[in-house]
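The values are calculated or read from the model by the stated rules, or taken from the named source; none is laboratory data. All values derive from a computational prediction rather than experimental measurement. Cβ placement follows ideal geometry from the backbone for every residue including glycine, while neighbour counts extend to all protein chains displayed. Quick note on the areas: whole protein, heavy atoms, side chains included, nothing else; ligands and nucleic acids left out. Shrake-Rupley method; radii C 1.70, N 1.55, O 1.52, S 1.80 Å.
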Amino acid sequence: MDARTIHLERGGIYLDSRASTPGSVTVRTASGTVRDIGTRFEVRAGDRDLRIRVRDGAVQLERAGRIDRAQKGTELLARADGTVSTRSVDPFAADWAWTTEAAPPFIVENATLESFLEWAAREGGWTIEWSDALRQRARTTILHGPIDAVTPAEALDIVLPTCGLSAAFVGGRLRLRPIQVMR
């Protein structure tokens with residue numbers, strides 16, 4: 001066994017292999033072996049079944065001489081009887097909420113608004129929707145102050161108004177708009 005192999009007997013684990021050193025992460029379960037291909041994914045091992053959900057990137061499941069692959073937005077369910085099924089899952093759906101609560105904190109002090117928004121979008125599973133002008137503004141806006149112990153969505157509620165922006169979530173897209181000032 002090595003530092004990049006995890007044995008999961010029962011329960012769930014969420015991995016962000018891009019946040020660690022290069023190379024594949026392997027999760028071994030009684031129902032099969034899951035290998036990442038540069039991704040964020042969840043593995044849930046039950047007594048007999050194995051569920052894999054891929055937030056982005058891809059994984060492959062190896063078991064009983066068979067390889068099944070799952071891409072971004074896919075749930076793969078491997079049953080004890082040997083059948084494997086897949087279905088679509090949204091990378092921003094409520095099922096992922098627990099992962100945002102476990103997200104690594106963002107260090108705001110002297111960071112750009114752009115890097116903060118990219119962090120929030122990545123951890124929330126959202127795609128940022130913004131104009132070229134807003135993106136340029138975000139590249140040059142420097143942030144200050146802490147945002148400790150909050151989820152990415154809560155962090156957006158704290159930071160965006162201080163930058164004159166608001167956000168709306170529409171089907172997995174984070175839409176940024178300037179706050180309209182009433183005169």
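Observations, loosely collected:
- Residue list for region 122-141, filter: of a type in the set (A, V, I, L, M) and in contact with a helix residue (DSSP H, G or I) (Cβ under 8 Å, 6 or more places away or on another chain): ILE128, ALA138
- Among the residues of region 43-61, the ones that are basic (Lys, Arg) and touching a residue at least 40 places away in the same chain (Cβ under 8 Å) come to 2 in all.
- When each of THR21, THR86, THR100, THR33 is tested for being in contact with an Asp or Glu (Cβ under 8 Å, 6 or more places away or on another chain) and modelled with pLDDT under 90, the lone residue that passes is THR100.
- Residues satisfying the stated conditions in region 124-183, i.e. open to solvent by 80 Å² or more (accessible area, probe 1.4 Å), at pLDDT 90 or above and of a type in the set (S, T, N, Q): THR127, GLN136, THR140, THR162
- For region 148-183, the set of residues classified as of a type in the set (D, E, K, R) and within 18 Å of LEU134 (Cβ to Cβ) consists of ASP157, ARG173, ARG175, ARG177, listed by residue number.
- Considered as a group, the residues in region 77-113 that are part of a helix (DSSP H, G or I) and open to solvent by less than 30 Å² (accessible area, probe 1.4 Å) include one that is nearest to ALA153 (Cα to Cα), and that residue is THR100.
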